[in-house]
Every structure is written in structure tokens, then in C-alpha cells.
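The values are calculated or read from the model by the stated rules, or taken from the named source; none is laboratory data. Since we're looking at a predicted model, the values are computed, not measured. Note that we place each Cβ from the backbone using ideal geometry, even for glycine, and neighbour counts take in every protein chain shown. Side chains are part of the model used for accessible areas, which takes the heavy atoms of the whole protein and leaves out ligands, DNA and RNA. Shrake-Rupley method; radii C 1.70, N 1.55, O 1.52, S 1.80 Å.
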Amino acid sequence: MRGSSGARIIIGEDHVMKFDVHRTGTRVREQGIWLRNHESKLLPEVKAIHADGYTMEKLVDRPLPRTVEDVRTGCELLLDNLPSLWKWNTATPYIIKMHAQTHHSYVDGLLRDVDLRELRKELRQIFNRVFWPNLKVARTHGDPLIDNTMFRPVEGNRTGMMNPVVIDPIPATPALPHLEVVDVGRIIQSAVGYEWTRYDIGPHDVITVSEAVDHVVNTWQSDHFSMHNVTGALYFSIIHMLRGIRTAPESKQPGLIALVYELLEEVHRWTR
């Protein structure tokens, strides 16, 4: 089974039960409550909340992409469908804003955990280039990776058509606030080859980081282009990749670290 959540999972005939274990604390239960309170066709339907987890609908999984075109299609699918979730409504009663000190403390902890503390100054400089209050607020999913995309069969359709569903949300915090760039950073993470590196998928062709980033930011900002948005999304793609390193098997970490440095080069390319 893919992923690094650590939750205990029981798969039934028409449902899936997810439970907290010691290392997850109450995170799984909180995830179920968030899903119950943020109903959307893009999210899994929660059937019940338990003291230590939740029960959700059973969805259809698909193999991870093995070609550049498949990766692009997966990212486009997320970018096409996430706006329906991003729209603010009464289901999200309050906005969680960026709190710089809390965010920096979070990033410092990440850098310590993955032994990349030499990036602290550079990441602070990138952070300071973005005027965060000007970025677009959104009801974020928090974890919209290709790895977290599953599918729901279209009722009554006999052609096998399915709608995308994004599982395992991460509720916003002052360190990972309600901003579109937080989700887009996750999509960039997938676009540049996170799943290929994390799961050692092959054989496959070559993902060029620059081309992947260009494709995501232009698909996302097809109507209005903002350099603050681009810089913010690239910044969060690096933060998310650091999170991926922290939970990845040790053998996969060097490849993910290499992607961090390639994304830093992309930031320099865009902000020169």
C-alpha cells in the first residue's frame, strides 16, 4: 500500500475504515471530521466518525503514472477540479491566515528533521519575496498529489467513466494556511516527479523540472498571471518536498533531496 500516513486501514466490501495509531495521535479522526464538514464531489464521502478514526466510501485506485504525459494529465485533472473545492462557502466558517513566526518554526523543524539546515537562509529569502496578504485565499485540500487521487464510478454510466476524488486532506494551519499556492505547490511536487522518485516507478521517460513547472503555473494561471503567486507556489513545492523526504524510506531520500535543489533553481529562474 502506498503512502506514509501510518493509519490503520481496513478495506470492506463497500467501505474503507481508517483508524489512528499511536504515531498519528488524533490526526485520522480530525481528517474524518474535516471531510464531514467540507462536503464536495471532489472529496470522499464520510459515512461515520469514530473516536479513533472514520469510515468512508470505497473508491477505485489506479496505477501511478509512468510517462510524462500521464503525469501532466494527472496534474491537469487536479487543477481542473480543485477550484470547485477552493471556493469559499459557509462550510468553512473562518480563514486561517499565514502566521510568519509559526511558519518559520515549522520549516526550521522540517530542515532539522531532514538534515538540510543549510537551506534555512535561502528559504527565508524566498519567503520574504512574497507579499502573502495579497495571495488568493482558498478552502485548501492540503495534500492534492497524484498519489492521493482516486476515482468514483459515475452512477448509471456503463462506459466505465469515473470522477476524480482527492483523499487524505490536511486541514489548514497558520504554518500551512488557506492559500491556493499551498495546494498548487503540492501539484508542482507531483509534476516534477515526486511519485516516480518516492516509489521508484519505471521504466519511464524524463521529466524536465522547468517544463513541468511552466506547465503547472500556466495551466493554473491561464486568465491572470501573478509573479507573487508563482513564487509562493514554488516556495510551497519545496516545503512539501521536504515533508516528503521526512516520511520517505531512507533509500528514496537522496532522489527527493535532489528535487529540492532543482526546485530552488526554478525559484531563481523565475525571480532573477
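Among residues that are farther than 18 Å from residue 151 by Cα and without any contact (Cβ under 8 Å) to a residue 12 or more places away in the chain, residue 30 is not included.
Only one entry in 131, 151, 127 is surrounded by fewer than 12 Cβ atoms within 10 Å (Cβ to Cβ) and in contact (Cβ under 8 Å) with a residue 40 or more places away in the chain, namely 131.
Residues of segment 82-123 that are open to solvent by 40 Å² or more (accessible area, probe 1.4 Å), over 21 Å from the mean Cα position of the chain (by Cα) and closer than 20 Å to residue 188 by Cβ: 122 alone. Of all residues in segment 170-179, those being in contact with a Leu (Cβ under 8 Å, 6 or more places away or on another chain) and either of a type in the set (Val, Ile, Thr) or surrounded by fewer than 21 Cβ atoms within 10 Å (Cβ to Cβ) (or both) number 1. The residues on offer are 27, 8, and the sole one that is open to solvent by 70 Å² or more (accessible area, probe 1.4 Å), within 19 Å of the chain's Cα centre (by Cα), on the phi < 0 side of the Ramachandran plot and of a type outside the set (A, V, I, L, M) is 27.
Does residue 143 satisfy being at pLDDT 95 or above, touching a strand residue (DSSP E or B) at 6+ places or on another chain (Cβ under 9 Å) and open to solvent by 60 Å² or more (accessible area, probe 1.4 Å)? So residue 143 does not fit the description; no. Exactly one residue out of 231, 208, 219, 247 is out of contact with any Leu (no Cβ under 9 Å at 6 or more places or on another chain) and closer than 23 Å to residue 137 by Cβ: that is 231. The criterion of at least 1 residues that are over 19 Å from residue 133 (Cβ atoms) and modelled with pLDDT under 95 is met, among helices (runs of 4 or more DSSP H) falling completely within segment 171-260, by 194-199, 227-247. Restricting segment 32-62 to residues that are out of contact with any strand residue (DSSP E or B) (no Cβ under 7 Å at 6 or more places or on another chain) and in a helix (DSSP H, G or I) leaves a set whose member that is surrounded by the most Cβ atoms within 10 Å (Cβ to Cβ) is 34.
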